[in-house]
Amino acid sequence: MTAPVFRFAPSPNGELHLGHALSALTNQRMAQASSGRLLLRIEDIDITRCTAEFEAGIYRDLAWLGIGWEQPVRRQSEHFGEYQAALERLQREELVYPAFMSRGEIRGAIMDHEATGKSWPRDPDGAPVYPGNDKALSARERRRRIDAGAPFAWRLDTAAALAGLGSPLDWREWADGNMTATSEIVADPLQWGDVIIARREIPTSYHLSVVIDDALQSVSHVVRGQDLYFATSVQRVLQEVLELPQPTYFHHRLVLGPDGRKLSKSQRDTGLNALREAGETPETLVARLGL
């Protein structure tokens, strides 16, 4: 029987915090409990925010926690060609379209809609769903705008992608971290609207690169935070249209700050390095996380 494959996949755009520690330790414990393998992936497609310094900090923090991983480490910035190939397949199958609407145009379209007394749909993260007005543009007009250097992003035509599947979309979710039972969760990607799949200057996005990486690395078990629970719906669509294998998922609890929000690198929540310098030990940190 093939050993289960887990992965911890942080982005080097800030310091790891307690939430990352919980995710890394949970992956390690579940891998050990199932005699599985643990991979480390560096998700650094955001080349403007990700740095070598933060990446080095990831290795240092994980080693301090006592977490080991297989070599080599996959760095997404070294695999843009693989993401480009997947994007071109979606383009050929007309499942993505170039989206040109500016933020001002998006706000205007939403305001016009709401002026009729109707509410505008929002995605699970609370952001307005993309209007998609430019889906009606002709191929000639799209090419003219691209050739003229107009800013755009490639968005998934979610309705078109779902229409070609022919069967209900779901995913397998562990009921707990003990891997004793799974349930089938109905996927609802339409609640996200047409998400960004790639940008003009970078041929991928989080959603596209993560499903490609999981498939190429034979990841069988995706263990990550509850904040990515709803994103699984989008990733399941991409797995199906690109004919990629489906992992089993477990979305663990989040570590919350004193104000009740989840910890975030962008909010500069206390990193593991600062906790270590303040006298925290791996043992006290594990106890603090309730593991």
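Annotation: Gly193 fulfils all but one of (1) crowded, with 19+ Cβ neighbours inside 10 Å; (2) on the phi < 0 side of the Ramachandran plot; (3) touching a residue at least 40 places away in the same chain (Cβ under 8 Å); the unmet one is (2).
Let's see how each residue does on (1) over 25 Å from the mean Cα position of the chain (by Cα); (2) modelled with pLDDT under 95; (3) within 30 Å of Pro245 (Cβ to Cβ):
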{"position": "Pro121", "(1), (2), (3)": "no, no, no"}
{"position": "Glu141", "(1), (2), (3)": "yes, no, no"}
{"position": "Thr158", "(1), (2), (3)": "no, no, yes"}
{"position": "Asp170", "(1), (2), (3)": "no, no, yes"}
{"position": "Glu173", "(1), (2), (3)": "no, no, yes"}
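Within the stretch 195-232, the residues that satisfy the criterion of being part of a loop (DSSP other than H, G, I, E, B) and either in contact with a His (Cβ under 6 Å, 6 or more places away or on another chain) or among the β-branched types (Val, Ile, Thr) (or both) are Val195, Ile202, Thr204, Val219, Tyr229. Of the candidates Ser218, Ser205, Ser233, Ser209, the single residue that is surrounded by fewer than 20 Cβ atoms within 10 Å (Cβ to Cβ) and among the hydroxyl-bearing types (Ser, Thr, Tyr) is Ser218.
When Glu184 is tested against (1) surrounded by fewer than 14 Cβ atoms within 10 Å (Cβ to Cβ); (2) in contact with a Lys or Arg (Cβ under 7 Å, 6 or more places away or on another chain); (3) not in a strand (DSSP E or B), exactly one condition is not met: (3).
Screening the candidates Asp194, Asp259, Asp227 for the property of being acidic (Asp, Glu) and under 12 Å from the mean Cα position of the chain (by Cα) yields one hit, Asp227. Taking the stretch 86-105, which residues are touching a helix residue (DSSP H, G or I) at 6+ places or on another chain (Cβ under 9 Å), outside any loop (DSSP other than H, G, I, E, B) and either in contact (Cβ under 8 Å) with a residue 40 or more places away in the chain or under 21 Å from Ile202 (Cβ atoms) (or both)? Correct list: Ala86, Leu87, Arg89, Leu90, Val96, Tyr97, Pro98, Ala99. If only residues of the stretch 36-50 that are part of a loop (DSSP other than H, G, I, E, B) and under 19 Å from the mean Cα position of the chain (by Cα) are counted, the one that is farthest from Val222 (Cα to Cα) is Thr48.
Would you tally the residues in the stretch 89-115 being surrounded by 13 or more Cβ atoms within 10 Å (Cβ to Cβ) and more than 27 Å from Ala127 (Cα to Cα)? Adding up the residues that qualify gives 2. Among the residues of the stretch 1-14, those identified as touching a Leu at 6+ places or on another chain (Cβ under 7 Å) and either surrounded by 21 or more Cβ atoms within 10 Å (Cβ to Cβ) or in a loop (DSSP other than H, G, I, E, B) (or both) are Phe6, Arg7, Phe8, Pro10. Kindly establish whether Ala161 is touching a helix residue (DSSP H, G or I) at 6+ places or on another chain (Cβ under 8 Å), in a helix (DSSP H, G or I), in contact (Cβ under 8 Å) with a residue 40 or more places away in the chain and of a type in the set (A, V, I, L, M, F, W, C). For Ala161, the condition - touching a helix residue (DSSP H, G or I) at 6+ places or on another chain (Cβ under 8 Å), in a helix (DSSP H, G or I), in contact (Cβ under 8 Å) with a residue 40 or more places away in the chain and of a type in the set (A, V, I, L, M, F, W, C) - is met.
The requirement of being more than 28 Å from Met30 (Cα to Cα), within 14 Å of the chain's Cα centre (by Cα) and not hydrophobic (A, V, I, L, M, F, W, C) is not satisfied by Thr232. Considering only residues in the stretch 66-85 that are in a helix (DSSP H, G or I) and without any contact (Cβ under 8 Å) to a residue 60 or more places away in the chain, the one that is surrounded by the fewest Cβ atoms within 10 Å (Cβ to Cβ) turns out to be Gly81. For the stretch 123-138, taking the residues that are surrounded by 13 or more Cβ atoms within 10 Å (Cβ to Cβ) and without any contact (Cβ under 8 Å) to a residue 60 or more places away in the chain, the one that is nearest to Glu94 (Cα to Cα) is identified as Lys135.
Among the criteria (1) in a loop (DSSP other than H, G, I, E, B); (2) more than 19 Å from Trp192 (Cβ to Cβ); (3) in contact (Cβ under 8 Å) with a residue 24 or more places away in the chain, the one Gly149 does not fulfil is (3).
The values are calculated or read from the model by the stated rules, or taken from the named source; none is laboratory data. If you're wondering where the values come from, they're calculated on a predicted model, not measured in any experiment. Backbone-built Cβ (ideal geometry, glycine too); neighbour counts: all protein chains shown.
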